[in-house]
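Nothing in this text is a laboratory measurement; each read-out follows from the coordinates by a stated rule. Worth saying up front: this structure is predicted, and the values here are computed from it rather than measured. Cβ placement follows ideal geometry from the backbone for every residue including glycine, while neighbour counts extend to all protein chains displayed.
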Amino acid sequence: MIELTAYNFSFIMMTLITILPALGIAFVNSLMRSLLLLILSFIGVAGLFVLLSADFIAIAQLLIYAGSISILLLFAVMLTPEISINNENSKYFLLASLGAILFLYLMILLITIFDLNQLTGNALNKLDFDNTIEQIGTLLLGKYIIAFELASVLLLFALIGAISIVRSSESDFDVKIKDSK
Amino acid sequence: MSFFNQVFKGPQLAYYFKKISIAVFIFIVIVAGYFFSQLFFDLSKFSQFIFDFVLQRSNYNFAYFTSSIIGALGIISFVGLVLLVGSWVERRVIAKFQIRVGPNRVGPFGLLQPIADAIKLMQKEVLVPAIADKTLFLIPPVAIFLPAILAWGPIPWAPNMSYLNINVGILYVFAVSSLTVPIIFFAGWSSMNHYALLGSMRTVAMMVSYEIPISLSLLSVAIITGTLNFSEIVLWQSTNSIWLGLFMPFSLFTFFFASTAEINRTPNDIAEAESEIVAGYHIEYSGMKAGLFMAVELGNAVLLGALVTSLFLNGWFLFGIEKFVPPYIIFIGKTVAIYLLLIWLRATFPRFRLDQLMNFAWKTLIPVSIINFFVIAIEVTILNQFQSTGILIYIFALFNIFLFLGLIVVWSKIFSVDKFQPEKIQPKFAGEIGGLEAMKGVKSVD
């Protein structure tokens, strides 16, 4: 039986906040409601990162996933017809549940094989720093500078590509003015 | 009696009595305030006392839990007090601007008016539209309070007096306040009202675009202070004896203006443009549910004051006065000053149009903030070459002020929006495009 310390209690609470909405996403019929549950699930993951004393990654999770990606998904969901009604259950229910069971089996294998104490907050506590931001900054602009720059170039291309796709040609404006007259 | 009447005529007597009583009142307030301030100079003693008191009677975890709960209650009660007093202050001050009296009937000076308003709002019936998504409809008014209160956490009230003294303070506030965006969207969507949906959509668009200039201005604060911790930013300003608002006026302006867009204050309160979309995303909410949205907007305005104070106005320091007055009083004083500035803006400026706001964000604020950011980054590299910043920081501050003015002039004269628009789009009357005859071709929505 697991000892119920404050850490374990918070871990169980955060896990519930993550998993229960994640189950809800799959079983709720309304897309909007499942999106709300998805945001709640993201917040739970941020709480798990806090428990691992990874403060920067927790805030980044909150900022990027709960704050920004959810907005992106909102606009995507708005484009689907019948957001809140008549979302029937998937035809591939059996296949999906088989996949879920296999994934669970894989996770159990991973947890039992690896020594997780090396990967949790205990490993961080042994190291000699109290501020993860400085460590992440020096690593990103030192050891992993090429990957960092490549990622930024990739994002720039994505931005330019999105603008060039969305941008309408000038002839569109002329048509509109003619129509109105 | 006749002598008395000769010296003090009737109205004169009342006049002098009023003056003297006001003077006596101010004197009593100053004396009592001095004694109270000496007693409550360092509030960290009290929290330490509570922590030790509980620790003697139980284990560490429980003591930590209790003191954190008490600290959270302190912040929540402060926010509640701000919501009550703030609405009164806002109405009275705006009434002064508009040469009215304002609420003055309920209680002395109308001070009990917010309580009367709250009771009235609670008594009203909560109407839920028949076609609304009822679960989603009832969540947003409550959920929108979470970011508004969580963001108060890392605010440094005084030395050793900040609830969440975390290394990622600025990012935390930024991340938590970005959670309001989906909540506002859910409020608008679940109402199943076109005006509400339009209001929430334009609010989301505006918030997303104004987060970029805010993050750029916060980035410049972070690179010069070398930290994201609020307390350390305040201490940096005092050790280098300069207010960051003076050192980088454009960042201050960007942060202030863009934050008014984030919290839906005039001149950027596009979310509730009555003339265009009736009331915005909270049109279908009635009673206390609408009141909660209003309260959050007011609380966010005061929160903006606290953020500007700690980031740009040197927090609890004020030219040595902080040795005699409790530092948190100075902090709250600066916060209230920013809040009064916001009320002044609300009373003075008209509302921007949506397209003007978006153009201003994308074509002016973001490019100019990037230029400003690079200039500050170069200055920081130069400053880091020296042991002490000395007089160089004041030279850079002067340079930055001129840069601020120069960039405004350059951007308004040379790179203005009109230059890139091939022809000006003039609004057309219905008669010009064929009048009501043309409208007959349009299919009815019903």
Exercise. Considering the dipole of the protein assembly as shown built from charges on the beta carbon (Lys and Arg +1, Asp and Glu -1) around the Cα centre, which of A:ILE25, B:ILE343, A:PHE148 is farthest to its positive end?
Worked result: B:ILE343
Exercise. Across peptide B:181-188, what mean number of C-beta atoms from other chains lies inside 10 Å of a residue's C-beta?
Worked result: 4
Seminar exercise, completed: Expressed as a whole number, the average count of other chain Cβ atoms within 10 Å around the Cβ atoms of B:167-177 is 5
Problem set entry | Between region B:343-389 and region B:148-201, the Cα center-to-center distance that results, in Å | 22 Å
For this session: Enumerate the calculated ³J(HN,Hα) couplings along region B:127-143 in order (Karplus 6.51 cos²θ - 1.76 cosθ + 1.60, θ = phi - 60°), each rounded to whole Hz, writing x wherever the residue is Gly or Pro.
Result: 8, 10, x, 5, 9, 6, 7, 5, 5, 5, 5, 8, 6, x, x, 7, 5
Problem set entry | For region B:212-279 versus region B:74-114, the gap between their alpha-carbon centres in whole angstrom | 26 Å
Exercise. Average partner chain C-beta neighbours within 10 Å, per residue of B:59-68?
Worked result: 1
For this session: Arrange the following residues from fewest to most other Cβ atoms within 10 Å of their Cβ: A:ASP55, B:ASP355.
Result: B:ASP355, A:ASP55
Problem set entry | Shape of region B:288-394, Cα gyration tensor, a/c cut at 1.5 | oblate
Problem set entry | region B:288-306-region B:121-147 distance, computed between alpha-carbon centres (Å) | 16 Å
Problem set entry | Burial ordering of B:GLU322, A:GLU134, fewest other beta-carbon atoms within 10 Å first | A:GLU134, B:GLU322
Seminar exercise, completed: For the table B:LYS289/B:LYS334; B:LYS96/B:LYS334; B:LYS289/B:LYS363; B:LYS18/B:LYS120; B:LYS19/B:LYS96, the rows whose alpha-carbon distance is greater than 28 Å are B:LYS289/B:LYS334; B:LYS289/B:LYS363; B:LYS18/B:LYS120
For this session: Among A:TYR144, B:TYR339, rank each residue by its count of other Cβ atoms within 10 Å, from fewest to most, as a rough exposure measure.
Result: A:TYR144, B:TYR339
Exercise. Label-point separation (nm) for A:MET107 and B:LEU341, each offset 7 Å from Cα along Cα-to-Cβ?
Worked result: 5.0 nm
Exercise. What order, most packed first, do the peptides B:29-35, B:372-378 have when packing is the mean number of other Cβ atoms within 10 Å of each residue?
Worked result: B:372-378, B:29-35
Seminar exercise, completed: Going residue by residue through region B:228-235, the Karplus relation 6.51 cos²θ - 1.76 cosθ + 1.60 with θ = phi - 60° gives ³J(HN,Hα) values, rounded to whole Hz and with x marking Gly or Pro, of 10, 8, 4, 4, 5, 5, 4, 5
